[in-house]
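Here's the structure we're looking at; comments come further down.
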Amino acid sequence: MTVFPGDSGLIFNEPLLWEKGKKGRVGISLPRPDVPEAAPLGDQWAGPAPDFPDLGEVDVVRHYTRLSQWNFGVDSGMYPLGSCTMKYNPKINERMAALPGLADVHPLLPEEYVQGPLRLMYELQNLLTEVTGMDAISVQPTAGAHGELAGMLVIHAYHRSNGEKRSRIIVPDTAHGTNPASAALCGMEPLGIQSNDQGILPVEAVAAVMDESVAGIMVTNPNTLGLFEENFQKIAQVVHSKGGLVYCDGANMNAIMGIAHLGRLGVDVMHLNLHKTFSTPHGGGGPGSGPVLVRKHLEKFLPVPRIVKDGDRYRLSDDFPDSIGRLHAFYGNFGVMIKAYSYIMTLGKDLKKASQVAVLNANYIKEQLKSVLHLAYDRPCMHECVFSDKNQKDQKITTLDMVKRLMDYGFHPPTIYFPLVVHGAIMIEPTETECKEDIDVFIEAFKSVVREALEDPEALHRAPSRSKVRRLDETAAARKPCLIN
Ligand SMILES: *Cc1c(COP(=O)(O)O)cnc(C)c1O
């Protein structure tokens, strides 16, 4: 009998600290005063003292510990959120980023005092160009979408330097949602094209719209269906033959680290998500890093300042007259770079193995679940696989019902209703983090949910029934967010 990790028996209720406080309770032990008590400073100087509750130490410790137990993260369990690469982030990376010589360094220090941090960024840049097969890089952009914007600006600058004004860009339906948004932000008009029944881009669809008015193409590879764009090289040839450039959204690099040489595939510009592939905790809008990488002929357009090595000294240089300029204060999010550097140095040649295991895990889940869930594209996948709720239509069970029920079994739901090309999509990305035993429990939990869809559909409609909060009105939560309690 499988034991599922989800059991909410010891998750506590917890009121606000203000409701918990009791007059006179204290969290510290001081000797009894041998002088008369005086009123707090607030009373004498600036009106009443703040209305803080009086609490004992254990009240405060339990309060925050209980709140932390309501949370779920990759440190507590499997987090199979497709497209997000929620992999475990080794704590050694945090240790490295917290070293005082790195964590306390001020961005305005003169160069002679920050040779170490400059060298780290320089070496990280070299490692990332090697992993991708690109020629030059800037680590300044601070998110995937920011890297995309940098890339679009580079493409724009390239065409302008050729005396051309191209303002349309091809974006397939399997691209990430940020792609058309970044293109539009740069003043480009996204030209939508459709993937084929294999879930990948046909060369003909690109050839049909590619002409001298089109700046290039933005392809997410592997795409948001978790499939490798097998026609990539031919598509790049079509785009290049009309003077366009090829942008690759490399946020899904977790599937192909050290395996695919993107430069040789025909990519001119791309971005990486260090906070996904290269192991920085993310979610909730925390600091990210989305380096932009280019081929040699586009290097002069990269953002400034750039890190330059003279002999064995490192310095920052703004002396690149064709640069698209500065995209962020200072150099971007240095802390994220330290973690990526630490991650790559720790794995070394095994970086490739991380990708191989991530792909193996996703294919294993795909094969194990395709007997019960409708598999959108039945072919080998990369780091994630996409199912739908088609098989559950007759029972009137939706994707939402199933993944909410998964929570009762102790699993964070996968990504749902994305990508849009699959109706009722369930997108699972296990990453390389999970071992076979844990993946087997996940598979069994999902199979059990599917069985319940037949035998006890109400359990799914009611789900989650064991979590701290029950099913929320997600439309109201998005439309009328309650931001102040
Ligand atoms: C996450 C992701 C992005 C956007 O990255 P952010 O850091 O969230 O801006 C872009 N493309 C793909 C394929 C992604 O998975």
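Centre-to-centre, using Cα atoms only, the stretch 215-269 and the stretch 459-476 are separated by 40 Å.
Hey, if you put +1 on the Cβ of every Lys and Arg and -1 on every Asp and Glu Cβ in the stretch 92-349, which of Ala98, Met253, Gly226 ends up farthest toward the positive end of that dipole? The one lying farthest along the dipole's positive direction is Ala98.
Normalising the average separation of contacting C-alpha pairs (under 8 angstrom, six or more residues apart) by the number of residues puts the relative contact order of the stretch 92-349 at 27 percent.
Shown is the FRET efficiency for Ser371 and Glu111, computed with R0 = 41 Å from the Cβ-Cβ distance and rounded to the nearest 0.05: 0.10. Here the stretch 345-442 is treated with +1 on each Lys and Arg Cβ and -1 on each Asp and Glu Cβ, and its dipole about the Cα centre works out to around 280 debye. With the convex hull of its Cα atoms as the shape, the stretch 351-467 has an orientation-averaged projected area of 7.1 nm². Computed from the alpha carbon atoms alone, the convex hull of the stretch 214-365 holds 155 Å³ per residue. Here the extension length gained between Ile92 and Asp34 equals 16.0 nm, from 0.36 nm per residue of separation less the Cα-Cα distance. Set the bar at 27 Å for Cα to Cα. Now go through Lys353/Lys404; Lys276/Lys353; Lys436/Lys468 and name every pair that lies beyond it. From Lys353/Lys404; Lys276/Lys353; Lys436/Lys468, over 27 Å: Lys353/Lys404; Lys436/Lys468.
Of the DSSP H helices in the chain, not one has a Cα length along its own long axis of 24 Å or more together with a mean Kyte-Doolittle hydropathy reaching 1.0. Per residue of the chain, the DSSP helices (runs of n ≥ 4 H) give a summed -39500 (n - 2.57) that works out to -10500 deg cm²/dmol at 222 nm. For the peptides 20-28, 425-433, the ranking by packing is 425-433, 20-28, with the highest mean count of neighbouring Cβ atoms within 10 Å listed first. For the stretch 92-349, with equal point scatterers placed on the C-alpha atoms only and solvent neglected, what are the log10 I(q)/I(0) values from the Debye formula at q = 0.08, 0.09, 0.13 1/Å, to two decimals? For the requested q values the scattering log ratios are -0.30, -0.38, -0.79.
Using the empirical formula 2.2 N^0.38 Å as the baseline, the Cα radius of gyration of the stretch 296-341 reaches a ratio of 1.26.
Set the Förster distance to 41 Å, then compute FRET efficiency between Asp310 and Val209 from the Cβ-Cβ distance, nearest 0.05. Intermediate values should be presented prior to the final figure.
On the way: r = 46 Å, r/R0 = 1.12.
E between Asp310 and Val209, to the nearest 0.05, is 0.35.
Across the chain, Cα-Cα pairs farther apart than 35 Å form 43% of the total. Applying D = kT/(6 pi eta Rh) to the stretch 432-479, where Rh is the Kirkwood radius over alpha-carbon pairs, T corresponds to 20 °C and eta to 1.002 mPa s, the Stokes-Einstein value obtained is 165 µm²/s. Considering all alpha-carbon pairs of the stretch 122-189, what whole percent are spaced by more than 15 angstrom? In whole percent, the share of Cα-Cα pairs in the stretch 122-189 beyond 15 Å is 60.
Taking the charge dipole of the stretch 92-349 about its Cα centre, with +1 at Lys and Arg Cβ atoms and -1 at Asp and Glu Cβ atoms, the residue from Ile170, Gly286, Ile338 reaching farthest to the positive side is Ile338. When each of the peptides 304-310, 219-225, 470-476 is scored by the mean number of other C-beta atoms lying within 10 Å of its residues, the order from highest to lowest reads 219-225, 304-310, 470-476.
Placing unit charges on the Cβ atoms only, positive for Lys and Arg and negative for Asp and Glu, gives the chain a dipole magnitude near 140 debye about its Cα centre.
FYI, it's all coordinate maths here, none of it is from the lab. Values in this document were obtained by computation on a predicted structure and should not be read as measured data. All Cβ positions, glycine included, derive from the backbone under ideal geometry; neighbour counts span all protein chains shown.
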